[in-house]
Structures are given as C-alpha cells and as structure tokens.
Amino acid sequence: EGDILINDKSIKEEPIECKKDIAYIPDNPDLYEHLTGIEYLNFISDVYDVSKKRREELINKYADIFEIKKNLGDLISSYSHGMKQKLAIISALVHEPKLYILDEPFVGLDPKATYILKNIMKEKCKEGCAFFFSTHVLEVVEKLCNRIAIIKNGKIVVYDEMKKITKDKDLEDIFMELVNNE
C-alpha cells in the first residue's frame, strides 16, 4: 500500500528510473550459476549501462579487495556461499547506485570480507549513498548505523537516530526490553 519515492521519483510511476538508483542484495543471492563470475558482472554492468572502461575499473578494484579476482573465470556454481555473497556485493557496487538495500549482508562472509564491506559502506555513505539493511547482529547495527528501526510483530516500534535511542544503554538492552514487554 502506498508509494516509495527514490530521489523524488515514484517507484510506481517510474520503476525503471528508480531501479537504476538501487542495489538489492538478499541474504542468499540467486545468481546465474551457469555463468562465470566475470560473465555475471558484465551482464549486470550491461543491464545498468556501465561503460566498458568504468566496469573494468570497478570490477578489478572490488574483485581485488574481496580477493576473488582469480576466481572470476570460474562458474558461479563452483563458488562457496561466501564467494557468491562477495560476487553479489560487487555486482551491487559496480553500477554505483545511491541506495543499497541489503538483507543480512554479512552472512557467509569471512571476518576480513566483513571488515572490508563495513568500510565500503562507511565510505559510500560519505559520498552521499545510503544503506538500508536488516540484521540480527545488534553490535553491527550499533557500530555502523546512524538511524535505526526496530520491528516487532511486523510493526515498527522504534525509529530514530541511534544516539537518541541508545543514550545511556546499549542497543541490545533496549531490544531485550522491547521483546520482554509482550
């Protein structure tokens, strides 16, 4: 019900234009497993009209950072869950959207890749991008987010700036109070 505006564009009235500004990564990405990693990244780049030069720069940059460059010629079906997650992240980054929507983005990532993704998220936010993500790991939320929403039984019960919500308590204590007050 309702509408979603992305950069002042209605998702109902201008769905293609809105989708150009969004990247979505589910917790268990469905990738085209019959493609190689590089074929998949080129396919995504083609969908979003990323120039050959820019896609090469970004694919090389992020494949190096996430340490999967040597595997890009392999079929995605041979990738581990963590490698698929890294590929999905790179595919989101390669078209440089302003809004990233991530569902449990750290699931399947090793500690180094998790650290790298957190830093990329911080850097992209400094560039004016936004990350909307769901997670059950409250420590990550407390360290990364400046605004949060807590959902209980399908309803938002808390939504505000992190500083205002936590004040003297940590997020885990606040969450437990909400859960226990049923």
| query | Cα centroid distance between segment 83-141 and segment 168-182, in Å? | reply | 26
| request: Have a look at the DSSP beta bridges in the chain and tell me what percent are antiparallel, nearest 5. | output: 50
| Sequence-distant residues sharing a close amide H with Ala23 (under 5 Å, placed H) | Leu99, Tyr100, Ile101
| Residue-normalised accessible area of the chain, expressed per residue, 1.4 Å probe, Å² | 62
| How far is helix 37-47 tilted off the main Cα axis of the chain, in degrees rounded to 10, range 0 to 90? | 80
| request: Quick one: divide the alpha-carbon radius of gyration of segment 1-94 by 2.2 N^0.38 Å and tell me what you get. | output: 1.18
| note | Counting only protein heavy atoms with a 1.4 Å probe and every protein chain in place, the carbon and sulfur fraction of the accessible surface of segment 7-75 in whole percent equals 49
| message | I want to check the label-to-label distance for Asp30 and Lys69. Put each point 7 Å from Cα in the C-beta direction and report it in nm to one decimal. | response | 3.3
| request: Return one number: the angle in degrees, 0 to 90 and rounded to the nearest 10, between the long axis of the Cα atoms of helix 81-93 and the longest principal axis of the Cα atoms of the chain. | output: 90
| task | Measure off 7 Å from each Cα along the Cα-to-Cβ vector at Ile156 and Ser51, then give the distance between these two points in nanometres to one decimal. | result | 3.8
| Near Lys164, which aspartates and glutamates are there with a Cα under 17 Å away, not counting those fewer than 8 places off in the same chain? | Glu139, Glu142, Glu172, Asp173, Glu177
| task | Treating only the Cβ atoms of Lys and Arg (+1) and Asp and Glu (-1) as charged, compute the dipole magnitude of the chain about its Cα centre; round to the nearest 20 debye. | result | 580
| said: What percentages make up the Cα-Cα pair-distance distribution of segment 1-46 when the bins are 10 Å wide from 0? | reply: 22, 37, 30, 11
| request: Give Lys69/Lys163; Lys69/Lys152; Lys12/Lys53; Lys84/Lys155; Lys19/Lys122 a once-over and call out the pairs whose C-alpha atoms are over 30 Å from each other. | output: Lys69/Lys163; Lys69/Lys152; Lys12/Lys53; Lys84/Lys155
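The values are calculated or read from the model by the stated rules, or taken from the named source; none is laboratory data. All values derive from a computational prediction rather than experimental measurement. Counting neighbours? That spans all protein chains shown, and the Cβs are built from the backbone with ideal geometry, glycine included. Each accessible area value is taken on the protein alone, full model and side chains, heavy atoms only, with ligands, DNA and RNA left out. Shrake-Rupley method; radii C 1.70, N 1.55, O 1.52, S 1.80 Å.
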